[in-house]
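Notes for the one structure printed next.
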Amino acid sequence: MKKLYFFKLFFLLLLCNSFAQNQQDYSSHATLTQRIKLLGDKYPQFVKSRILTQTLGGKSIWMITIGTGSTDKKPAVAVVGGVDGKHLLGVEMAIGFAEKLLAKANTDSVKTLLNKQTFYVFPNMSPDATEQYFAKLKYERSGNATKTDDDRDGRDNEDGFDDLDGDGKITWMRIIDPTGKYKLNSDDPRSLLLADATKGEAGKYILLTEGSDNDKDGNFNEDGEGGVAFNRNNSYNFKPFVAGAGEYAVSEKENRAMFDFLFDAFNVYAVVTFGPTNNLSTPVTFNPQAISKRIITGWFDADAKANALVSERYNKITKTKDAPKTVTESGDFSQWAYFHYGRLSFSTPGWWIPKVAPDSSRKEKKFTTEDNVASYLRWATSQGITNTFTPWKPVNYPDFPGQTVEVGGLDPFVLQNPPYKMVDAIVAQHTDFLMELSNMAPKLDLVNVKTEKVADGLTRITLKVMNIGDLPTYTKVGDRSYFLKKIVVKVNTNANQTFVSGRKVQTLESIQGKDATELTWLIKGGGKVTIEADSPTTGSKSIEVSL
Amino acid sequence: MRKNITLLAALIFCAGILKAQKAENILAAVGTPPNPKVQVSWNRYNDYAAITDICKKLAAAHPNLVKLESMGKSYQGKDLWVMTITDTKVGNADKKPAMYIDGNIHSNEIQGSEFALYTAWYLVEMYSTGNKTITGLLADKTFYIAPTINPDARDHFIHQANTAHSPRTGLVPIDNDRDGLTNEDGFDDLDGDGHIVMMRRKNVNGRYKVDPTDARRMIMIGNEEKGEYELLGSEGIDNDGDGFVNEDGEGAYDPNRDWGWNWQPNYIQSGAYKYPFSIPENRAIVDFVMKHPNIAAAQSYHNNGGMILRGPGALEDLDTYNAQDVRVYDALGKKGEEMLPGYKYLVVYKDLYSVFGGELDWFYGGRGIYTFSNELWTGYSMYNKADGEDSQGQLYTFDKDLLMKDAFVDWHPYKHPTYGDIEIGGFKKTYTRLHPGFLLESDAHRNMAFSVFHAYNTPKLSVGEIEVKEIGNGLTQVTAIVNNERMIPTHSSQDVKNNIEIPDIISLSGGTVLAGMVVTNRDMNFTIEQKLDPTNIKVANIPGNSFVTVRWIVKGGTKFTVNVSSKKGGLASKSN
């Protein structure tokens, strides 16, 4: 029997390894589910997976808890992927982190880490949307399966994309039209740019996503499948009445299920998002104006400093560079994690189009205009990637009778997601970063303990509660939120000991990294007392003091 | 035997109903149903079980007018009742312009439930008397009435020892002092009399003395005066030994900071919970409202202070309310001031306080529904005059003059574990914010009448003139006028601005429609053509007390029918 068990385990190990190594493309929901299950089978002592909710599209929202013992009592990092359904890489980075961390579960460093800390991994928050990559018709999608009436005409999902050239993917269509706003990019005429009328430039093309005006309302593809986007439905800077936002903030099952878990997870000290926002390559900067109003829009100084410290380590470890400035959408998740969840929130897309110098052998010149598509195409050429651009080709199209309509352009997904063979190295870098982040976690110690005999049977105890970690015990933004717990300091005395001064139980506000708070008591009586400091984000520390 | 008991019980039950006075012995007082099928005493308060009972009796006695359903469950699993009240023999309840009314979102503000219940009761019992105003109203409109949207904490307020202010929250446990424990240090009914009142202690350094005109009352001492007492807050002890008294009691979030319009977290908006509609009761309501797009008006009952409140709740939302909508609000609110003596029509953010995530803001901002929150009970009602200089003192004289001192627990000694010899006394929870019995029905009636006025003014659509004109080549021009005979438009301007609700649809049947258009100036022939689907002309709004003109160019047909379908405005139809 035992033998059989080992045999099974061996088989699983083999399967797991070969699985991770042999995967050729991003993970479909089925693949992801299998990878999660394999982790649970392989590392049962470290892994607990659960389904937070089922989406309306019938997909599971998974959460993997990695740790040992009472995981909810240990300082934790939440690692989140798939916040935007277009960003398949984020899913790989989250699940890949779990796999790579656990692969080292037998090393001393990881064993120690998992004894002291917990990771909550949410590999994919947008499974309805990411599945579009694997569907018969492939297109970039952020919305879930909630039915929406994006154009408010009383009908749901009646005008989506259409595969006009029958290639199984949605690209672009351009129509030669005197009122068109787009012109060809002179740096690379495969790409189109907005003509600048203030410079006397004339447009030549109407540029639209591929599809017909199915509901004949004059707008193209404005109300297709793809309801509410996870990354637009969060409560910070939520904008209603925008396609994909939802009728109100946190209306979707995915967002609610995750928030319900996280708000009760008082031990989370940091949230790391693998998604569109980037405050790891370049940290946020402190702007006093942004915190001067009731609704703050910027980070507090102390928190921005923590971001800077973490960012510095991120750049050193991942060696990533040239990250473009990111613009966060309304309702963004990583912003929510700071502003509304009150935790240190770090986010990175993990990959962006690398800058490539012009190659004179290909007669390339320096670009005159910034254009993602042109940059991508130049990089792709340098990498020998040739199959991601569809040359513009005329199609027969009744919506524009008598006009030339061409379909072509860049493939969906390629601007956000690198070729799959690059993923493993990205995951490895970011796993190292997460390990380093956990080394920076807040941690309590009781130091400089001093006892003084004030009189016979009367002792003064003085000590410092110190945060020996690099990150604060909780954020400045969380100072006034009851979802973040204070440090509780308790002095356990016996019946013969009484407090002349100082409190038996008290709570302390946040302590910054490497900072300390001094406490003092006057206690009457003899013997010993124990003093304990504890909070969910720091773990506890206890000492015994003789009176 | 068992059968006999059941029969006996049934007999007793019937006797209870039949005991109602016989009609021939009664002279109806005007404006009140003289012999209602469901007898309710409107001079006392009802717990959840009693409210459920009244709702069920109304539904059983008036099956053609009342449908009772549950919107969902409270945190503790109680049904959140809502009564759909309309004349079900005329039209479809969910297609008529509707008014939503709820009460008791704040647990201690319980009279909102009685006011909501009274409204339901009054509408159906008056309908049964044949009153033309009410039968007409229930033919045109639907009322969705949810007496208590916070039943857990309502029962806590009623059945546990409490102050007039506790609990304001629902009963989801909260760690208010952030020490990792929830609800570990609430009030304590030290003397076990069922009331949480004040604690005072004799102290020459205290800042209070006994009022020479009423020994029950504590007043501040003046300069150079010696004090007699210090006040120690509400009855309680330091249950968790952290040096604070009563700092982490029941729940303690605010269900009225939980709504999904400009929602802000609790460090910005105290009382907010996790995210919009994270309180289960509110979640059930929002789901109900989203399923009933015919709701065009709403009222949410609170206490107290005699206010007819409208949004914006927060200064940051000032731009949400534009002039056209404010005109409608003003017309309704000013009428309310006349109907509710002592009540003032006010704007939350500037006249009260600036808050995020309030119910009325979501109803208006998120759904474009004209919504008021009435703050029930005003000191004006004590002597029918505005509060004098000493409104606190008036509470004591009114209690003495008209309530036979029933509202006060007299000071009595108590030995407190921390404070030593103290005295306990003060106003009961049922005083200062809640109506005394004899004024409850009167104010419920006035507020009901205000809601009737509000609901009456939701859109009433009708097709007016249908002009049919031959224009040659075998073509006919059909011009129709669609009226809105009431003050409230089919789409508030907040709705139009954000396309919250789909447009109203005006359709023509009879003949083949070749073109359709909205006529913006009939005399000058200014029109806006709708090229797509011209049979069904979409109009963004049919304004209040106004009309829209639409036109079709038709081939064939002489007999035409114009149909109007509007989510908030209901249906209308007419043939030439």
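The values are calculated or read from the model by the stated rules, or taken from the named source; none is laboratory data. Since we're looking at a predicted model, the values are computed, not measured. With ideal geometry, Cβ positions are generated from the backbone for all residues, glycine too; neighbour counts draw on all protein chains shown.
General observations
- Filtered residue count, segment B:511-526, keeping only those that are touching a residue at least 40 places away in the same chain (Cβ under 8 Å) and touching a Ser or Thr at 6+ places or on another chain (Cβ under 6 Å): 3
- Failed item, numbered, when B:TYR267 is tested on (1) touching a Ser or Thr at 6+ places or on another chain (Cβ under 6 Å); (2) within 12 Å of chain A (Cβ to nearest Cβ); (3) assigned to a helix (DSSP H, G or I): (3)
- If you check B:ALA314, B:ALA284 for being farther than 26 Å from B:ASP443 by Cα and within 11 Å of chain A (Cβ to nearest Cβ), only one passes: B:ALA314.
- Qualifying residue in segment A:135-156 (condition: outside the structural domain of A:ARG35 (by TED's automatic domain parsing), on the phi > 0 side of the Ramachandran plot and in contact (Cβ under 8 Å) with a residue 24 or more places away in the chain): no
- Set A:THR520, A:THR493, A:THR459, A:THR451: member being within 14 Å of chain B (Cβ to nearest Cβ) and either among the β-branched types (Val, Ile, Thr) or over 30 Å from A:LEU309 (Cα atoms) (or both): A:THR493
- All positions within segment A:272-300 that are closer than 22 Å to A:LYS321 by Cα and in contact (Cβ under 8 Å) with a residue 40 or more places away in the chain: A:VAL272, A:THR273, A:PHE274, A:GLY275, A:PRO276, A:THR277, A:ASN278, A:ASN279, A:LEU280, A:SER281, A:THR282
- Test result for B:ALA61, among the small types (Gly, Ala, Ser) and either within 16 Å of the chain's Cα centre (by Cα) or surrounded by fewer than 21 Cβ atoms within 10 Å (Cβ to Cβ) (or both): yes
- The single residue among B:ARG168, B:ARG178 that is crowded, with 19+ Cβ neighbours inside 10 Å, within 14 Å of another protein chain (Cβ to nearest Cβ), modelled with pLDDT under 95 and assigned to a loop (DSSP other than H, G, I, E, B) turns out to be B:ARG178.
- Checking B:PHE453, B:PHE438 one by one, the residue that is closer than 30 Å to B:ASN563 by Cα, assigned to a helix (DSSP H, G or I), of a type in the set (Phe, Trp, Tyr) and modelled with pLDDT of 95 or more is B:PHE453 and no other.
- Where a residue in segment B:73-93 is in the same structural domain as B:GLN299 (by TED's automatic domain parsing) and farther than 21 Å from B:ILE54 by Cβ and its partner, wherever it lies, is assigned to a strand (DSSP E or B) and not aliphatic (A, V, I, L, M), with Cβ under 8 Å and at least six apart: B:GLY91/B:GLY570
- In segment B:317-337 there is no residue that is hydrophobic (A, V, I, L, M, F, W, C) and part of a loop (DSSP other than H, G, I, E, B).
- Looking at B:ALA215, B:ALA284, just one residue is touching a strand residue (DSSP E or B) at 6+ places or on another chain (Cβ under 8 Å) and not in a loop (DSSP other than H, G, I, E, B), and that residue is B:ALA284.
- Elements of type strands (runs of 3 or more DSSP E) in segment A:477-532, at least 2 residues being closer than 21 Å to A:ASN267 by Cα and among the β-branched types (Val, Ile, Thr): A:487-492, A:505-508
- Filtering segment B:376-388 for residues that are closer than 19 Å to B:LYS334 by Cα, polar (S, T, N, Q) and in contact with a strand residue (DSSP E or B) (Cβ under 6 Å, 6 or more places away or on another chain) leaves an empty set.
- All positions within segment A:117-152 that are touching a Gly at 6+ places or on another chain (Cβ under 9 Å), within 14 Å of chain B (Cβ to nearest Cβ) and not polar (S, T, N, Q): A:LYS147, A:ASP150
- Single residue of B:TYR364, B:TYR329, B:TYR353 found to be within 14 Å of chain A (Cβ to nearest Cβ), within 21 Å of B:ILE488 (Cα to Cα) and among the hydroxyl-bearing types (Ser, Thr, Tyr): B:TYR364
- Single residue of segment A:244-264 satisfying the filter (crowded, with 20+ Cβ neighbours inside 10 Å and assigned to a loop (DSSP other than H, G, I, E, B)) that is farthest from the other protein chains (Cβ to nearest Cβ): A:GLY244
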